[in-house]
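The values are calculated or read from the model by the stated rules, or taken from the named source; none is laboratory data. Since this is a predicted model, take the numbers as computed values, not measurements. Virtual Cβ from ideal backbone geometry, glycine too; neighbours counted across all protein chains shown. Side chains are part of the model used for accessible areas, which takes the heavy atoms of the whole protein and leaves out ligands, DNA and RNA. Shrake-Rupley method; radii C 1.70, N 1.55, O 1.52, S 1.80 Å.
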Amino acid sequence: MTMRGILRRTGMLSEAQVSAVLQKAQADAVSVTQAVVEQGFAREDMFLEALAKTLQAPFVRLGDMAVDPTILAKLPAKAVFQYHVIPLALEQGVLTVATNNPFDPGLLDALRLASGCRIRLALAPTADIATAVKKFYGVGADTVERLMQDDRIEVAPEQTLLKADLSELDQEASIVRFVNQIIWEAYQERATDIHMEPMERQLRIRYRVDGVLHQTPLPAQLSRFQAAIISRIKVMANMDIAEKRLPQDGRIGMRIQGEDIDIRVSTMPTVYGESVSLRLLMRGKEFIGIHDLGMNERDVRAIRRLIERPNGIILVTGPTGSGKSTSLYAYLHEINRIDQRIITVEDPIEYEMAGINQISVKPDIGLTFATALRHILRQDPDVIMVGEIRDFETAEIAIRASLTGHLVFSTLHTNDAAGAITRLLDMGVEPFLVASSLEAVVAQRLVRRLCAQCRQPHTPDTALLAASGFPVNRLKEGTLFEHKGCEACRMTGFKGRTGIYEILLINDAIEALIVARASSNAIKQEAIRHGLQTLREDGWAKCLAGITTIEEVLRVTEEVD
């Protein structure tokens, strides 16, 4: 039967659609399946299922399917990656192989030659095969296999990758190719960090996705090329590859699918070699507005009133990775107008924002937060953003700037909003200066969002709710959900993050407590009496709205309460 006849017999396509599919497949050199999906004629899984019935072949969803390592060994990684297939079973000398493109003319012969077995094709969706290949073979397995065969290592010159587009790069050197694959995979996973950690018998690579670390599957032989991989990253980041005893910092500028990526690289010597951490910053990313931060309407109104003030200090607090910088950029984006002169001093500049003047501190030449801040005041600013208040000198200059008619934004590392006040006092700032300059403190955390496609309604045990401190009487306000896991969220049950907030507004009663050097707990209790919504209370509201789970809120607020 011809290909046209097979497509017709699936019952999924009209005669005109069959012609369009065959024409596109030939003109664009893509698979028939891809041509069907790209033209919107059918969903891939539905088309493959109908095609499997027509061809009398199995249609499989790989999901959590386990495959015996001896069966995986039947096909070399090179063939698996080249033809986008995965072996599933071996019965009486017949190897069942999952593919999404059964019409590939050379596929059967190539697989028969590579495996030494007769081949039976099964059909499976593209995403299922990609996930299974990564799970069973590891990221870059074909590259590592080639290295093992060549028994040599090539490291390309530094300029090869700097400001190059990964999707168009001609990658000849295997180590270069492997490093590219790791960064590409992290980008696809929406990771913010990549950690390469040498262990005794392996090189472990983990991605931080939505604030949680996930280990990525890797080929077993990878540790053999550990030194070359790390050297390649150091070359890309303009580091000294000969220096392995001291920590180093560097940066890599990249473009992935046309998007500018700024990668901050940090190395640290450990027992089994250098540990490398890469922080991925999307420079071309659109700035999010205040409404996109995850605040409720009351908090949005409060923030909008605060950022339109002519002077005073607004502090954002929380641990590393709690979204403080994102919030500050959202505030600045809101007031970035032609009549406002905005100057920032940061370490480092995480996002470049048009219309504002950004300064990066350089402590090695004496340009610290305090030094930069002192000179900024001579630049006639309306709004100043200080990346972080780390010491008494920076705190004092920031406070005096706010008292002389400037609006100042900054961050502090404290557990809750009230703790920021006592931190400033502990630094040595006079209580009356804090009381007269501070307008508000915003404490925040990031919680993972439930995947909208697979979340399920859930009613936890009442005893469990009570133990977590969840207000049982509020259950009537909404529905609690739990995470499950699907293809859309890569089986994690979560996709993306949102913030939970605690906004402490300074009023006369709190000013009096600051001047009297009251404890942070006393300040917090007074703020609660005036309507402060704590981090956990905001978290509970997001649970009832179906945005996140009780476990997530407890995970990020455990230190606070």
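Can you tell me the 0 to 90 degree angle between the C-alpha axis of helix 174-188 and the longest principal axis of the chain, rounded to 10?
Once rounded, the angle reads 60 degrees.
To the nearest 20 debye, what charge dipole does the stretch 415-489 have about its Cα centre, counting +1 at the Cβ of each Lys and Arg and -1 at the Cβ of each Asp and Glu?
Once rounded to the nearest 20, the dipole reads 360 debye.
Considering only DSSP states other than H, G, I, E and B, which trypsin sites (Lys or Arg not before Pro) in the stretch 474-561 qualify as loop sites with at most 14 other Cβ atoms within 10 Å?
Answer in residue order: Arg517.
Out of the DSSP beta bridges found with both residues in the chain, what percent are antiparallel (nearest 5)?
65 percent
Please tell me which of these pairs span more than 24 angstrom C-alpha to C-alpha: Lys53/Lys495; Lys324/Lys524; Lys135/Lys324; Lys53/Lys484?
Violating the 24 Å limit, Cα to Cα: Lys53/Lys495; Lys135/Lys324; Lys53/Lys484.
When the dipole is taken about the Cα centre of the chain, and only Lys, Arg (+1) and Asp, Glu (-1) are charged at their Cβ, what size is it in debye, to the nearest 20?
Values: 64 positive and 72 negative charges, 240 e Å.
Roughly 1160 debye for the chain.
Probe of 1.4 angstrom, ligands and nucleic acids ignored: what's the accessible area per residue over the chain, in square angstrom?
Here the residues of the chain average 47 Å² of exposed surface.
Take every Cα pair under 8 Å in the stretch 382-521 that's 6+ residues apart, average their separations, divide by the length, and report that relative contact order as a whole percent.
28 percent
Regarding the stretch 428-503, what is the average projected area of its C-alpha convex hull, in nm²?
Quarter of the Cα hull surface area: 8.6 nm².
Pull up the cross-link candidates among the lysines for Lys244, meaning alpha carbon to alpha carbon under 29 Å and not fewer than 8 places away within one chain.
The reachable lysines, counting only those whose Cα sits under 29 Å from Lys244, are Lys163, Lys234, Lys362.
Tell me what the chain gives for mean residue ellipticity at 222 nm when only DSSP H runs of n ≥ 4 count, each as -39,500 (n - 2.57), the sum divided by the residue total, rounded to 500 deg cm²/dmol.
It comes out at -11000 deg cm²/dmol, rounded to the nearest 500.
Which translational diffusion coefficient, to the nearest whole µm²/s, is obtained for the stretch 189-233 from the Stokes-Einstein equation, given a Kirkwood hydrodynamic radius over C-alpha pairs, 10 °C and 1.306 mPa s?
Numbers: Rh = 11.2 Å.
For the chosen part, D equals 142 µm²/s.
For a quick protection proxy, order the peptides 122-134, 106-118, 406-418, 193-205 by their average other-Cβ count within 10 Å, most packed first. Working shown, then result.
Numbers: 122-134: 20.2, 106-118: 14.9, 406-418: 23.5, 193-205: 16.7.
The peptides rank, most packed first, as 406-418, 122-134, 193-205, 106-118.
Compute the acute angle (0 to 90°) between the alpha-carbon long axis of helix 297-307 and the principal axis of greatest extent of the alpha-carbon atoms of the chain; round to the nearest 10°.
Taking the Cα atoms of the chain, the angle to 297-307 is about 60 degrees.
Could you pull the Cα extents of the stretch 385-530 along its three principal axes, largest to smallest, in whole Å?
Projected onto its principal axes, the Cα set of the stretch 385-530 covers 54, 33, 23 Å.
Rounded to the nearest 10 degrees, what's the angle between the helix 126-137 long axis and the longest principal axis of the chain, both from Cα atoms, 0 to 90?
Value to nearest ten degrees: 90.
Can you work out the PRE-style zone for Cys486? Point 7 Å along Cα to Cβ, and I want the residues of the stretch 523-551 with backbone N under 18 Å.
546-549
With every protein chain left in place and a probe of 1.4 Å, what is the accessible surface of Leu532, to the nearest 10 Å²?
In the full protein context, Leu532 sits at about 10 Å².
Using the 4.7 Å Cβ rule, please list in number order the cysteines from the chain without any candidate partner.
Cys117, Cys543
Carbon and sulfur atoms: what percent of the 1.4 Å accessible area of the stretch 239-321 do they account for? Working shown, then result.
Numbers: 2130 of 4250 Å².
That fraction is 50 percent.
Could you give the size of the charge dipole of the stretch 432-561 about its Cα centre, using +1 on the Cβ of each K and R and -1 on the Cβ of each D and E, expressed in debye and rounded to the nearest 20?
In debye, rounded to 20, the stretch 432-561 gives about 500.
How much of Cys489 can a 1.4 Å solvent probe reach, expressed as accessible area in Å² and rounded to 10?
Solvent-accessible area, nearest 10 Å²: 10 Å².
In whole percent, what relative contact order does the chain give with Cα contacts below 8 Å and a gap of six or more residues? Can you show the working numbers first?
Working: 964 pairs, mean separation 48.3, N = 561.
Relative contact order comes out at 9 percent.
According to the Cα gyration tensor, what semi-axes, each the square root of 5 times an eigenvalue, does the equivalent ellipsoid of the stretch 491-542 have, listed from largest to smallest in whole Å? Please report the intermediate quantities before stating the final value.
Numbers: eigenvalues 198, 19, 15 Å².
They are 31, 10, 9 Å, listed from largest to smallest.
With unit charges on the beta carbon (Lys/Arg positive, Asp/Glu negative), name the residue among Pro269, Ser223, Gly116 whose Cα is farthest towards the positive pole of the charge dipole of the chain.
Value computed over the given set: Gly116.
Which one of Met254, Ile6, Ser520 is farthest out on the positive end of the charge dipole of the chain, using unit charges on Cβ (Lys, Arg +1; Asp, Glu -1) and the Cα centre as origin?
Ile6
Given a cut-off of 46 Å, what percent of all Cα-Cα pairs of the chain lie beyond it?
Values: 44245 of 157080 pairs.
For the chain, the share of Cα pairs beyond 46 Å comes to 28 percent.
Taking just the alpha carbons, could you work out the radius of gyration and Dmax for the stretch 1-92, both in angstroms?
15.5, 45
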